[in-house]
1. Taking residue 274 as meeting all but one of (1) more than 19 Å from residue 53 (Cβ to Cβ); (2) at pLDDT below 85; (3) surrounded by 17 or more Cβ atoms within 10 Å (Cβ to Cβ), write down the number of the exception.
2. Any chance region 181-202 includes a residue that's closer than 13 Å to residue 37 by Cβ, of a type in the set (A, V, I, L, M, F, W, C) and part of a helix (DSSP H, G or I)?
3. Cβ contacts < 8 Å: first residue among the polar types (S, T, N, Q), restricted to region 154-183; second residue surrounded by fewer than 19 Cβ atoms within 10 Å (Cβ to Cβ), any location; separation 6+ or different chain. Result?
4. Count, please, the residues in region 242-264 that happen to be part of a helix (DSSP H, G or I), farther than 10 Å from residue 292 by Cα and of a type outside the set (A, V, I, L, M, F, W, C).
5. Scan region 18-45 residue by residue and report those that are at pLDDT below 90 and within 25 Å of residue 239 (Cα to Cα).
Amino acid sequence: MRPAIAVVVLAALAALPEWATNQYDIHLATLIGVYWVLIAGLNLVVGYSGQLSIGHVGLLAIGAYAYAILAGTYDWPPYVAMLAAGGVGGVCGLLLGLTSLRLPGFYFAMATLAFSLIVSELSLALGDLTGGGIGLPVPGFPPPAASPAGFYWLVLIVASLITLLTWNVARGMWGRALLAVRDSPVAAAGAGISIFRSKLTVFVFSSITAGIGGALFAALQSYITPETFAFDIGLFFFVCIIIGGRGSIVGPLLGTVVLTALPEAVAPLARLGNFFYGLLLLVVVLLLPEGIGPLIAGLLARFTRRSKPLSHVVQPDLDRLRAALAQARP
């Protein structure tokens with residue numbers, strides 16, 4: 001049932017440009033997919049290994065500027081530039097992780113925040129490369145991804161592949177090791193799990209996805225400035241995982257969809273956008289402290305549960321039992 005549901009959902013998403021009422025709906029769905037490319041990797045860091053990274057917006061900016069510079073200034077093919085942006089994000093994540101992942105949770109969060117602020121200042125200071133405060137125009141992708149529908153399908157393919165990768169990591173040995181590191185580092189170390197290596201591996205993976213997400217985000221925006229990558233976006237990524245629930249893939253995905261679409265749902269009350277964000281977070285924390293992910297997983301398991309008939313029924317051999325009892329009598 002679960003693979004069938006996944007196939008149906010994926011087919012419905014692929015057909016979204018056909019049944020969308022307007023172009024803005026396609027743009028909103030594309031933005032959700034771009035955000036999820038980053039959040040899917042960040043979820044392994046925050047939701048599974050328990051590291052409080054709130055500075056992934058800096059890695060998003062690095063991927064976006066890398067793509068804009070390589071594809072725009074140096075005329076690299078956009079697809080190659082996107083992969084290179086992921087590589088640049090991975091290298092920066094490796095350097096950041098090597099220097100900060102040994103810090104306790106709160107101090108690591110402050111280190112990632114400082115990193116995002118440094119990236120913002122460098123994007124302003126390196127005006128000859130990044131355009132400074134003026135910013136940079138960003139080239140799009142060639143056909144068939146040149147149209148809004150084509151770019152949406154490109155984002156859907158990338159997001160699906162990254163979701164598959166994170167799902168494979170989460171359900172296997174690595175996922176169990178990360179949960180052990182999150183819940184009890186002492187017990188994890190006693191079981192032979194390399195805590196630093198596990199944290200560094202998933203952090204580098206999340207940095208690669210952030211770089212790829214940054215390239216897609218820049219292409220979607222078509223023009224980027226340092227103000228595009230405000231701290232609020234990094235906090236938004238973190239809140240999506242908290243609302244979705246730790247140790248889940250479906251939960252943060254639903255959190256991304258809800259929080260991205262929420263401003264459109266309350267568009268007539270745009271001034272109260274932060275109020276609705278805070279209200280949603282408060283409701284989830286008070287009523288669903290584990291997030292909406294476990295709730296959805298429980299409902300899905302209940303929906304797909306079915307009784308399986310026994311393939312073979314064992315019948316006792318009464319004749320042999322009587323013979324054995326007769327021999328045992330004195």
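The values are calculated or read from the model by the stated rules, or taken from the named source; none is laboratory data. Predicted model, so just to flag it, every value in this text is computed and none were measured. Ideal geometry is used to build each Cβ from the backbone, glycine not excepted, and the neighbour counts take in all protein chains shown.
1. Here residue 274 clears every test but (3).
2. Our first condition is that a residue be closer than 13 Å to residue 37 by Cβ; within region 181-202, this holds for none.
No, region 181-202 has no match at all.
3. Note: pairs meeting the criteria are 160/10.
4. Adding up the residues that qualify gives 4.
5. Taking region 18-45 as the starting set, the residues that turn out to be at pLDDT below 90 are 18-25.
Correct list: 24, 25.
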